[in-house]
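**Q** Just passing along the structure, written as structure tokens.
The values are calculated or read from the model by the stated rules, or taken from the named source; none is laboratory data. Computed from a predicted structure; not experimentally measured. In this analysis, Cβ positions are derived from the backbone assuming ideal geometry, glycine residues included, and neighbour counts consider all displayed protein chains.
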């Protein structure tokens, strides 16, 4: 994270506009008792062998990126007009294969244990892994070979800040070893100044980027979740 030029969206015209603070990759959490080996592909979410035992995130933006990834499309964030039909069909197939959807970390952990799920698409990453292990679940964590979507939270100082010195001191403090350890131990989140729990997989992280239309993705996702067939989902 020291080389800010390699992180999309942070540096413009040679100037850094944000300082990375914490991040998480959206990996796969699996029940070790139901998997002989760790899943290694995002396509396991569509595997009929696990039908009715999968939990995934209820959100249009990330779901269409997952569909694009599973289809091998050139971009996960900028779908072309010709990409939408295949992506919709893929997500309809996903809806039919999963047991249920979640929106919050604790909710997902509770559901995973109560419903005896086999697989969880971890939209909140290591935070969910920590919750499940704290609850006694025998789970593993895998990064798909295709890569994992990853979010990055940053600190920034507003140009009209009245106390830039204090703001800078606050950011510097939170990047120290102590606060980083608290972030990891209490929240299960990775600090940008501490070794990552997924060390060795950093080259497979796909940082989130703005999508072509969050409104369209959410609209289509809502239709998919309501049970509509592809022709109705894609209707104007």
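**Q** When the residues of region 125-138 are narrowed to those that are touching a strand residue (DSSP E or B) at 6+ places or on another chain (Cβ under 9 Å), in contact (Cβ under 8 Å) with a residue 24 or more places away in the chain and surrounded by fewer than 22 Cβ atoms within 10 Å (Cβ to Cβ), which ends up nearest to residue 35 (Cα to Cα)?
**A** Just the residues of region 125-138 that are touching a strand residue (DSSP E or B) at 6+ places or on another chain (Cβ under 9 Å), to begin with: 125-129, 132-133, 137-138.
Checking which are in contact (Cβ under 8 Å) with a residue 24 or more places away in the chain leaves us with 125-129, 132, 137-138.
This time we only want the ones that are surrounded by fewer than 22 Cβ atoms within 10 Å (Cβ to Cβ), so: 127, 137-138.
Details: 127: 21, 137: 14, 138: 11 Å.
Applying the filter and picking the extreme gives 138.
**Q** Related question: Kindly indicate whether any position in region 81-92 is farther than 29 Å from residue 181 by Cα, in contact (Cβ under 8 Å) with a residue 40 or more places away in the chain and outside any helix (DSSP H, G or I).
**A** Scanning region 81-92, I find no residue that is farther than 29 Å from residue 181 by Cα, in contact (Cβ under 8 Å) with a residue 40 or more places away in the chain and outside any helix (DSSP H, G or I), so the answer is no.
**Q** Please report, ordered by residue number, the helices (runs of 4 or more DSSP H) entirely within region 103-200 with at least 2 residues that are touching a helix residue (DSSP H, G or I) at 6+ places or on another chain (Cβ under 7 Å).
**A** Working: elements: 105-114, 126-134, 164-174, 177-187.
It comes to 105-114, 126-134, 177-187.
**Q** Please find, within region 34-55, the residue that is nearest to the chain's Cα centre (by Cα) out of those that are assigned to a loop (DSSP other than H, G, I, E, B) and loosely packed, with under 14 Cβ neighbours inside 10 Å. Give the steps one after another, and end with the answer.
**A** In the first step, residues of region 34-55 are kept if they are assigned to a loop (DSSP other than H, G, I, E, B); the result is 34-41, 47, 51-53.
Still in the list and also loosely packed, with under 14 Cβ neighbours inside 10 Å: 36-38, 40, 51-52.
Working: 36: 24, 37: 22, 38: 18, 40: 16, 51: 21, 52: 21 Å.
The qualifying residue nearest to the chain's Cα centre (by Cα) is 40.
**Q** Read through the list (1) out of contact with any strand residue (DSSP E or B) (no Cβ under 8 Å at 6 or more places or on another chain); (2) in contact (Cβ under 8 Å) with a residue 24 or more places away in the chain; (3) farther than 17 Å from residue 108 by Cα, then give the number of the only condition that residue 66 fails.
**A** For residue 66, the failing item is (1).
**Q** Moving on to the next point. I need the full set of residues from region 56-70 which are surrounded by fewer than 22 Cβ atoms within 10 Å (Cβ to Cβ) and outside any helix (DSSP H, G or I), in order please.
**A** Passing the criteria: 57, 58, 59.
**Q** Separate question: Name the one entry in 80, 164 that is surrounded by fewer than 20 Cβ atoms within 10 Å (Cβ to Cβ), more than 28 Å from residue 213 (Cα to Cα) and over 19 Å from the mean Cα position of the chain (by Cα).
**A** Numbers: 80 fails: more than 28 Å from residue 213 (Cα to Cα).
On inspection, the qualifying residue turns out to be 164.
**Q** Among what's in region 202-211 and is in a loop (DSSP other than H, G, I, E, B) and either touching a helix residue (DSSP H, G or I) at 6+ places or on another chain (Cβ under 8 Å) or surrounded by 15 or more Cβ atoms within 10 Å (Cβ to Cβ) (or both), pick the residue that is modelled with the highest pLDDT.
**A** Initial filter on region 202-211 (in a loop (DSSP other than H, G, I, E, B)): 208-211.
Remaining after also requiring either touching a helix residue (DSSP H, G or I) at 6+ places or on another chain (Cβ under 8 Å) or surrounded by 15 or more Cβ atoms within 10 Å (Cβ to Cβ) (or both): 208, 211.
Working: 208: 94, 211: 98.
Among those residues, the one meeting the criterion is 211.
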